[in-house]
Every structure is written in structure tokens, then in C-alpha cells.
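The values are calculated or read from the model by the stated rules, or taken from the named source; none is laboratory data. Every value quoted in this text rests on a predicted model; they were computed, and no experiment measured them. Here the Cβ positions follow ideal geometry from the backbone for every residue, glycine too, while neighbour counts run over all protein chains shown.
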Amino acid sequence: MVKSCEIIFSFQPDRGAKRPRDEDRHEESRSKQKTAGRDTGRVLVRSEPDSEEQTGDGEKILERLMDQDGEDPEGELVDESTVKKMILTFEKRSYKNQELRIKFPDNPEKFMEAELDLNDIIQEMHVIATIPELYHLLVELNAVHSLLGLLSHDNTDILSMTNHQRSYFIAVVDLLQELTDIDTLHESEEGAEVLIDALLEGQVVALMVQNMERLDETVKEEADGVYNTLAVIENMAEFRPGLCTEAAQQGLMQWLLKRIKAKMPFDANKLYCSEILAILLQNNDKTRELLGEMDGIDVLLQQLSVFKRHNPATAEEQEMMENLFDALCSCLMLPANRDRFLRGEGLQLMNLMLREKKVSRVSALKVLDYGVIGPEGSDNCHKFVDILGLRTIFPLFMKTPKKMKKVGVSDKEHEEHVCSIIASMLRNLKGQQRSRLLSKFTENDCEKVKIRQLTVRLYYLLASGELDMVRRGEIIDDAMDDEFYLRRLDAGLFVLQLLCYIMVEICNAGVPQLQQRVHQILNLRGGSVKIVRHIMREYAENIGDGKSEEFKESEQKRIMELLENF
């Protein structure tokens, strides 16, 4: 069964609300700085400290940065000249640090002070995030290149040494996170474009992935570094969605899958990884294919299998579970991943989840829908019957379970998925499996036909928005047709179309008992064959498959042939 193009082939998994960073040590300072920047166009920043004033304590450096706003009457006003001076100071300290590290590779104390000097100026550069219209200076004066150079530097020795050196390393990512804050990027589109172009040209994603591999997330500061790295990626992807393919190919997809399946306690970083993964897969067949080639379908199924008999322990863990389900649904839009899902026993897992009646049941139903829809779902349809899936799906077809309502699933959403699954099986099943499906409709004097038809009239009334317009005296012209069609689909027409399709299919099954029962119920409930035919013709006209005009025409022809025998 092929759904209307507006419904299926515009699928975008919910990303959910962007989570606040609970441990963001710069948020208050940055908020104050941005407020000052908007009021005056310039921001106060502390004058350049001498190297002798360095405390050597990373925490004190950060505290000083947070306290500096408005406390130093002798501070300089941040304008283009000040930013240039700041960037040149950064370049000088970066070069000095590199020079000392090369000169004294085995004596860290020789370049410790240079490390702290560099860390200090990086912290001060956070103020540039309040004036994105000057981002072009970061590119023109080579600061972006130098920052990326610090990320690409061999810092494995630093990671095994002092907290000061680790904080210097993570400070670069922390600065990038501030510079790419999505709200800031939208304040100056021109400045944002220049910055993002420079970062991508320097393969920032590949460098950040390499650095995340080095970080030890059991250390809080380094775990924060991973979180901020993911935030940089999310910000850039939100500002420029087209970079998702490139990011995935630069090692991000592989790292995300590795991190998600790592045997570590659930934390904010695992949740963030699930969100970034879902973002990468949105409307992107290249990233879906890449995930499939990396055995990502198996990774998703393994992680979700935990929830077949146990509910998520917290709201955050439930959000992660839903992100993984969304990622799986998105992957199943690619035909090649349907086979991987089948071989990975994804159908068996979804069937178990539906039977266990845990929170995962809701999303499992959606995954099953995406797994069997369309001609590419034929193998999954046959397998689902073989694993006794009809025993699971038909009770749901009869009635929406109360527990689904409790977790926020509407009757309409439940109806859409269940009816779509039944319709897909009627379209795809052949031979013995099709006979087993049809026999379900004849059980107990065709009660499954009877009960479902009680809803048809209601859905039809909900879907007929044109009647209200006519009553108000409004004219429906051609330009309004598409708008009304979408509104009617949302109001219940889509479920009505699926129910009508199911009726038409079973009436063409060669089982006189079914055809007689369908017509009998239509007459009893005030419906008619004409109404069903009208609904199905409209449905056929709006079919979209996202593939080819030839397939669309073939499907339309098939539906019209079914109507002739209805």
C-alpha cells in the first residue's frame, strides 16, 4: 500500500526540544555580554594581562572571565580594532606555544606558562560571539585556521597530564560552541556564512571526531568537551542542513554508533548522540545508506531491545529511546535497509514489544508501519505473518489500547499506523500468507469488518471540511484544493482512505461472504458504494511514491481496477 506523498515521503523524525546545558559555565556571562552588545554595539573586555599575572588555575581563569563584565572601568570597548588586537594576540601566543612544545617536547614545565597564556586568550575570545557581524575577522586574520590547527595538533600527551593542559585543549571546542550558537548565527547571516564556510573548509567535523576519540568521559571536564563538540555539530547542521552528509562521512556516523553502543551508564552525552544521529538521517538517503553499511540497523535494534520488557527509567532515557526509534524509522525509508532490518530480526523485536505492552509499544507500531509499507515491504509482510504477527496486530486493529492513550498517543495516530499496516499486507501478501490474513476478516461472522465500519461515518464527517466552507458562503477554487486536501487528511481523511482501501481489497479477494458483509454494513450505516469509490478515486489521484511517474501510474491503474469490482 502506497501512502500519499504528503504523508510518507516527507517524514522527519521529531528532534525534540533542545536541552539546556546544565553545566554550561559561560551561559550567564555570555547572556550579560550579549545584552550589553545589543544596547551599545560594543562590549567591555578586560585589558591584556601580563604573563606574570597568570594564576595557572583553570577554574580561576573561568571565574575571572565570568566576573569581568561591567567590573573593570578601565576595560576596552570591543569594536573592530579591539577584535583585531585580540586575534593577533591569540596568533602570537599560539605560535609561541607551538614553538616551545617543539623545542621542549619532553619537558612540559617549559611550556606550561605558554599553555596558560594561550588558554587565557582563548577564554577572552568568547566575547567575539556577542558580535557575529565581525566573524569575518576570524577568517581574514587566520584565527579559524589556527584554532583548527590546535585541534589537529597531537595532544595525546596533554590528555594524560595536568588538568590545566586538558582544559586548554577543550577550551578550543568550548569557544567554537559559543561562536556557532544558533541564535548568534542568525543575528548575522553574512558573518555566520563566512565562519561556517571556513570551518568546513578546514574539515572541522573530522578534527572534532578525532578529538572526541581521545577524550575520557569519566573526567567531567572531558565529558563536557564531548557535549560541546556535539553542540557545535548540531548548531552547524541546523544552520546548514546540507552539511549532514559530509559530517557523517568524516567519521561522525561511525563515532556516534560506537558511542551509542558503548557499555557505559546512560548520561546526557548518550542522549545527545541519539539526537544528533536522528538529525543526520533526516531526509537523507546518503546518510541512511552509510548507517546501513556500518551495521547501524543492528546497533539500533540492540539498543532498543532493552526496552522490550523494561520501561525507560527517566524522561531523558525515554527521549533517547524515541530518538533511536525515529532514527530507525528514517533508515527504513531506504529499501536496502528493509532487508537489513529483516535479517536483523527487527520484525521479531517489534512484535515482542507490541505484545509486552511497555512504553516502547507505541514506537514499535510506527517502525512496523515503515517496515512493511510499499512494494519494498513485501518480504517483511510475509515474514510478519510467518512469525504470527497477525495475532498481535488484529487486536490493535479492533481497538486502541488504553495504555497507548496514557502515553500521549491519539486515537487517530494509532488508527493511521494500524490501518496502514493492514493495508500494506493486503497489497503485498501472496499465497498462503494472504489467505491467513483474509481468514482473520471472516472470523466470528466478519466482526472485524463490522466494528471498523462503525468509525467510517465519523471519519468522513471529520474529513469533509468543504461542507463548513460552503455553509459559510465561501467559494472553494482550484487554488484552495491542495490546502483543503491536506487539512482533510489531518482531520481524519487519511484513515478513512485506508479503511476504504481495506474494504475494496477484501471485496476483491474472491470471498463472497466478505463482499456481502461489507455492502451490508455500508447500507446499514448510511454509507454507499459511491462514497467509497469517490474517496478511493481522490486517493488514487494524490498518490505519490517518491520514485517514478511510471510506478505512480501503475498504482493508480491497480486501484481503479479494484474499484471496478467493488
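Consider segment 245-290 and keep the residues that are farther than 24 Å from Glu217 by Cα and among the aliphatic types (A, V, I, L, M). The one that is surrounded by the fewest Cβ atoms within 10 Å (Cβ to Cβ) is Leu290.
If the condition is being closer than 25 Å to Leu489 by Cα and in contact with a helix residue (DSSP H, G or I) (Cβ under 6 Å, 6 or more places away or on another chain), then segment 505-525 contributes Glu505, Ile506, Cys507, Val518, Ile521, Arg525. With respect to (1) among the β-branched types (Val, Ile, Thr); (2) at pLDDT 85 or above; (3) closer than 23 Å to Gln210 by Cα, the lone exception for Val127 is condition (3).
Kindly indicate whether Val173 is assigned to a helix (DSSP H, G or I), buried (at least 21 other Cβ atoms within 10 Å of the Cβ) and either at pLDDT 90 or above or at positive phi (or both). Yes, satisfied. Here is a check on your reading of the model: is Met404 surrounded by fewer than 21 Cβ atoms within 10 Å (Cβ to Cβ), aliphatic (A, V, I, L, M) and either modelled with pLDDT of 75 or more or not assigned by TED's automatic domain parsing to the domain that holds Ile559 (or both)? Taking the combined requirement at face value, the residue satisfies it. Of the numbered conditions (1) surrounded by 17 or more Cβ atoms within 10 Å (Cβ to Cβ); (2) closer than 20 Å to Ala268 by Cβ, Lys220 fails exactly one; give the number of that condition. Of everything listed in (1) surrounded by 17 or more Cβ atoms within 10 Å (Cβ to Cβ); (2) closer than 20 Å to Ala268 by Cβ, Lys220 misses just condition (1). Of all the criteria given as (1) in contact with a Lys or Arg (Cβ under 9 Å, 6 or more places away or on another chain); (2) small (Gly, Ala, Ser); (3) surrounded by fewer than 18 Cβ atoms within 10 Å (Cβ to Cβ), the one not satisfied by Gly242 is (1). Is it true that Lys530 is without any contact (Cβ under 8 Å) to a residue 60 or more places away in the chain, surrounded by fewer than 17 Cβ atoms within 10 Å (Cβ to Cβ) and among the basic types (Lys, Arg)? For Lys530, the condition - without any contact (Cβ under 8 Å) to a residue 60 or more places away in the chain, surrounded by fewer than 17 Cβ atoms within 10 Å (Cβ to Cβ) and among the basic types (Lys, Arg) - is met. When the helices (runs of 4 or more DSSP H) confined to segment 307-371 are screened for residues that are under 18 Å from the mean Cα position of the chain (by Cα), those reaching at least 1 such residues are found at 315-331, 335-343.
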